[in-house]
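Undergrad: One structure is given below, represented as structure tokens, and several questions about it will come after.
The values are calculated or read from the model by the stated rules, or taken from the named source; none is laboratory data. Treat the numbers as computed from the prediction; the structure is a model and nothing was measured. Neighbour counts are summed over all protein chains in view; Cβ atoms, including those assigned to glycine, are modelled from backbone coordinates with ideal geometry.
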Amino acid sequence: MKSPKTAGLCLASMLALGMALAGTAAAEPLWLLCLEGKEGSPPTKYTTNQCTTAAGSNKGKWESVVIGTKSDTVRVVALSLKLEDAKGELGTAVIVKCALVRGGGLIEEDQLKIRELEALFPSKECTAEGTGFFKVCKTSNLEEVEGIHLPWKVELSASGGTFKGKIQPDGAGEPGWKVKCAGVEDTCESEGAGTLGETSGSAGIISAGVLLPLGQLRGGGIICLVGGAKQGHVEGFTAVLLSNGNGLSLHET
């Protein structure tokens with residue numbers, strides 16, 4: 001059978017965080033890490049590991065540093081995620097809504113790589129409804145909601161003060177999603193590297209005391225195994241956090 005095409009790239013789009021900033025010229029987006037430095041040695045000037053409160057006379061213990069050639073592990077969290085495979089004239093095949101999807105990855109030389117992404121407890125953290133071919137799919141028998149063909153590369157660009165991104169394969173096939181209910185599977189894959197839908201959000205906000213990028217995803221027109229061409233849709237909100245709990249943000253040069 002021909003390889004199914006899916007909605008996975010849309011999540012990547014969601015990580016392609018949009019942000020309204022001043023300026024109109026194209027620019028290079030950079031990841032900023034909050035790291036501990038030597039006290040009193042410029043540019044060490046922040047009082048906490050979030051790098052949001054400046055200390056006077058450079059007497060802080062923390063500094064905001066462009067990742068450059070460094071690398072750091074991150075947590076990728078979908079605070080809400082809706083995956084839909086419509087079935088055209090036959091009605092909706094399956095809709096899955098998750099309150100939490102967890103994942104992890106690596107920021108390396110200003111590129112984000114997503115290595116894992118899944119709902120750990122699908123029947124508790126997600127709801128599901130299916131019709132037609134997927135009528136067996138209910139919340140109680142939802143078995144798997146996960147990204148496929150990982151890792152994914154997420155490349156960011158900036159233009160006119162807005163961050164956009166696209167997910168590309170990283171040697172394991174086209175990025176996508178798998179949903180499994182009552183032993184029945186549906187997979188949706190990207191039809192090629194690119195941005196599926198646009199995102200908007202903040203390149204750095206404080207949430208529960210942590211500085212992190214937050215983005216909103218809206219995308220569709222993805223090819224799915226059950227629904228076919230242009231029947232996959234994804235939307236939601238995601239956050240990217242440093243695994244060590246320090247502040248993380250995006251900056252437009």
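Undergrad: Go through the range 223-253 and report how many residues are in contact with a helix residue (DSSP H, G or I) (Cβ under 9 Å, 6 or more places away or on another chain) and assigned to a loop (DSSP other than H, G, I, E, B).
TA: The number of residues fulfilling the criteria is 2.
Undergrad: Filter the range 186-222 down to the residues that are assigned to a loop (DSSP other than H, G, I, E, B), touching a Ser or Thr at 6+ places or on another chain (Cβ under 9 Å) and modelled with pLDDT under 70 and list them by number.
TA: Residues satisfying the conditions are Thr195, Leu196, Gly197.
Undergrad: Going through the range 49-74 one residue at a time, which ones are of a type in the set (Asp, Glu) and touching a residue at least 40 places away in the same chain (Cβ under 8 Å)?
TA: Asp72
Undergrad: Which pairs turn up if I take residues in the range 229-247 that are surrounded by 15 or more Cβ atoms within 10 Å (Cβ to Cβ) and look for partners that are hydrophobic (A, V, I, L, M, F, W, C) and part of a loop (DSSP other than H, G, I, E, B) with beta carbon separation below 6 Å, at least 6 apart in sequence or on another chain?
TA: Note: pairs meeting the criteria are Gly232/Ala7; Val234/Ala7; Gly247/Cys51.
Undergrad: Still on this model: What are the residues in the range 79-124 that are farther than 20 Å from Cys181 by Cα, touching a Phe, Trp or Tyr at 6+ places or on another chain (Cβ under 8 Å) and modelled with pLDDT under 85, if any?
TA: Leu79, Asp110
Undergrad: Continuing with this model, one more query. With the requirement that a residue be surrounded by fewer than 17 Cβ atoms within 10 Å (Cβ to Cβ) and touching a Phe, Trp or Tyr at 6+ places or on another chain (Cβ under 8 Å), what does the range 63-78 give you?
TA: Val66
Undergrad: Can you find, within the range 82-112, the residue that is surrounded by the fewest Cβ atoms within 10 Å (Cβ to Cβ) among those that are part of a strand (DSSP E or B) and touching a helix residue (DSSP H, G or I) at 6+ places or on another chain (Cβ under 7 Å)?
TA: Across the range 82-112, the extreme among qualifying residues is Cys98.
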